[in-house]
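Visitor: Can you keep this structure in mind? I'll have questions shortly.
No value in this document is a laboratory result; all are computed from the given coordinates. Because the structure is a prediction, the values reported are computed rather than measured. Cβ placement follows ideal geometry from the backbone for every residue including glycine, while neighbour counts extend to all protein chains displayed.
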Amino acid sequence: MKRHEIRIIPATTELLQSFIPQIRQLDLEEVEITSGESWEEHSKELFTHQAEAEVIMYKGKILGVLGVRKLEPPNVGLAWLLMTNHVEDNQIAFLRWSRKHLKKILSNYDFLTNLVYLKNTLHVNWLNWLGAEWLETSDPDFGVFRLRKAVSDV
């Protein structure tokens, strides 16, 4: 492994505790609006779902925490990602890595989906870059995305 590659490692209690105060402001706002809870309260969910969570590391810093929860019908994943401001300083490395990682995740699912806060333009632009399809919603502040396997990956 190259010295400065993005790495995915299982979430530990220590890494999650380190991540919590570093969350990007718009990610925090998205969590609070969708959950109806303060970030302080909702962040406890990270520990509840720690087994499905992974930490994105780059140059010794946490870029984010992600996970996928299997939904019904089978082969559908509820994907989530929360980032730190460090991702903004390392966008090119993150973009290159994320396409490869998405392909790896999609090897286990037909598609990934979730709700996204449209004011969080970093997330929206990243999802567009990954090839997200957008489903219509009645809420102007949120969109539902779907990421599918590329035809060449099937």
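Visitor: For the charge dipole of the chain, defined by +1 on Lys and Arg C-beta atoms and -1 on Asp and Glu C-beta atoms about the Cα centroid, which residue among V68, I6, L118 has the Cα displaced farthest towards the positive pole?
Guide: Looking along the dipole axis, the top candidate is I6.
Visitor: Right, here's the next one. Restricting everything to alpha-carbon atoms, can you work out Rg to Rh for the range 23-66 with a Kirkwood hydrodynamic radius?
Guide: Ratio value, two decimals: 1.00.
Visitor: How large is the dipole of the chain about the Cα centre if only Lys and Arg carry +1 and Asp and Glu carry -1, each at its Cβ, rounded to the nearest 20 debye?
Guide: Dipole size: approximately 1080 debye.
Visitor: Within the range 58-154, report the GluC sites (Glu not before Pro) that DSSP leaves as loop and that have at most 13 other Cβ atoms within 10 Å.
Guide: E136
Visitor: So, one more: Skipping prolines and chain starts, which residues have an amide H placed within reach, meaning under 5 Å, of the one on T84, given they are 5 or more residues away or on another chain?
Guide: R24, G64
Visitor: To the nearest 20 Debye, how big is the dipole of the range 42-115 about its Cα centre, given +1 on the beta carbon of each Lys and Arg and -1 on that of each Asp and Glu?
Guide: The calculated dipole for the range 42-115 is roughly 300 debye.
Visitor: Short version: ³J(HN,Hα) in whole Hz for each residue of the range 120-136, in order, from phi by Karplus 6.51 cos²θ - 1.76 cosθ + 1.60 (θ = phi - 60°), x for Gly and Pro, what are they?
Guide: Working through the residues one at a time gives 7, 5, 4, 5, 4, 5, 5, 4, 4, 4, 6, x, 4, 9, 10, 9, 5 Hz.
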